[in-house]
Amino acid sequence: MAPPTKVIITGAAGRMGKRLVSLVQESKSLQLVGATERKGHPDLGKDAGDLAGCGHLDVSLIDDLAKALPQANVIVDFTSPAASLNHLAQAVQHKRAMVIGTTGFSPDEMNQLQKHAESISCVQAPNMSVGINVLLQIIGKVAQALGDDYDLEIIDIHHNKKKDAPSGTALILAEALAAAKGWDLQETGVYSRHGIIGERSQKEIGIQTVRAGDIVGDHTVLYGGPGERIEITHRAHNRDPFARGALRAAEWVVKQPPGLYGMADVLGL
Ligand code: NAD
């Protein structure tokens, strides 16, 4: 049997980090060799497996990624934009592969990410679930088939701890619709509405944000036409679809030549 892929989870005490640690522990083809958290985090020094609730793993939470990097093949990162860019710089320096699931990058941060990620093997995707990535393949075709009589709206519903809005997933759904219509999302994206805004124009993609309770993540693409509407909804019941997708990407990316890849590449879509 091939040796396991050695993984570092950054942000290992976070919501995604804990599920990633548990799923690495369940996997026969992956091995946890490092777990990091931000400086000053109250759980530093604790065992990553104990924290994730999957049993003791003998991997303590540290705040210095460089210490764990020599043992690893790949970093799986769900942290914050600033932390992800810092981790990417270290991955480039140590020539390690990386999977980036963090969302909320500004255009400037995304440019930096793209510039650096190409010198290593890197997967970056704002949504790593199989369901959303399959949806991305079809929503533009549905918009094209329905034609100009159907208004396009996206509704993003998440838990009240989420920091960025709209979600990274809502943005890639909007981009897929805009591309299919031949529109520029910068000009046609309408982010929430308020006041006397007048009639809706045909050439716009509405992107609405709802934040409430502990909802893991729902996205609806709504095509509103004369006398009927179609709604395509993806609901994540828990964080495992994202974590499983990220770990599938980790196993895949270590075998790829340098370059920046997306989930469609990982899934062969
Ligand atoms: P979270 O706040 O629960 O976890 C993030 C963790 O990163 C925290 O524990 C934080 O302390 C840690 N962190 C911050 N800076 C760090 C640093 N310098 N080094 C190490 N750790 C650091 O958030 P979450 O819900 O787990 O989400 C994390 C990110 O992943 C968000 O951007 C979220 O939108 C994104 N996300 C993406 C997907 C996807 O499929 N791509 C799915 C879910 C969440």
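Treating only the Cα positions of region 77-152 as identical point scatterers, give the base-10 log of I(q)/I(0) from the Debye formula at each q in 0.12 Å⁻¹. Those come out to -0.46, one per q. Residues whose amide H comes within less than 5 Å of that of LYS46, counting only those at least five positions distant or on another chain, are LEU61 (H built at 1.01 Å from N in the peptide plane).
For region 130-236, the solvent-accessible area with a 1.4 angstrom probe is 53 square angstrom per residue. Just the protein heavy atoms count here, and of the accessible area of region 1-133 at 1.4 Å, carbon and sulfur take up 50 percent.
Ranked from highest to lowest mean number of other Cβ atoms within 10 Å per residue, what is the order of the peptides 182-190, 194-202, 250-258?
Working: 182-190: 13.2, 194-202: 7.2, 250-258: 16.7.
My ranking of the peptides, most packed first, is 250-258, 182-190, 194-202.
So what is the relative contact order for the chain, in percent, with contacts set as C-alpha pairs under 8 Å and at least six apart? Write out the running numbers ahead of the final one.
Working: 532 pairs, mean separation 53.3, N = 269.
About 20 percent, as a whole number.
Considering only ILE230, ILE100, ILE172, the mean-square fluctuation computed in a Gaussian network model of the chain, springs between alpha carbons under 10 angstrom, is largest for ILE230. Here is the P(r) of the chain: all C-alpha pair distances, binned every 5 Å from 0, give 1, 6, 13, 16, 17, 15, 12, 8, 6, 4, 2, 1, 0, 0 in whole percents.
Within the straight-line cut-off of under 17 Å between alpha carbons, the aspartates and glutamates reachable from LYS39 are ASP47, ASP63, ASP64, ASP77, sequence neighbours fewer than 8 places apart in one chain being disregarded. In this structure ILE157 has an accessible area near 40 Å², from a 1.4 Å probe over the protein heavy atoms.
Based on the Cα coordinates of region 130-236, what is the per residue volume of their convex hull in Å³? Let's see the in-between values first.
Values: hull volume 11.8 nm³, N = 107.
About 111 Å³ per residue, rounded to a whole number.
Could you grab the relative contact order for region 130-236? Cα pairs under 8 Å, six or more apart, rounded to a whole percent.
Working: 179 pairs, mean separation 41.5, N = 107.
Answer for region 130-236 is 39 percent.
For LYS28, a cut-off of 14 angstrom between C-alpha atoms picks up these aspartates and glutamates, skipping any fewer than 8 places away in its own chain: GLU251. Reported to the nearest whole Å, the Cα centre-to-centre distance from region 35-85 to region 179-213 is 39.
In the chain, the longest principal axis of the Cα atoms and the axis of helix 107-117 are about 40 degrees apart.
The values are calculated or read from the model by the stated rules, or taken from the named source; none is laboratory data. All values reported here derive from a predicted model rather than from experimental measurement. Counting neighbours? That spans all protein chains shown, and the Cβs are built from the backbone with ideal geometry, glycine included. Ligands, DNA and RNA are excluded from the accessible area calculation, which covers all protein heavy atoms including side chains. Shrake-Rupley method; radii C 1.70, N 1.55, O 1.52, S 1.80 Å.
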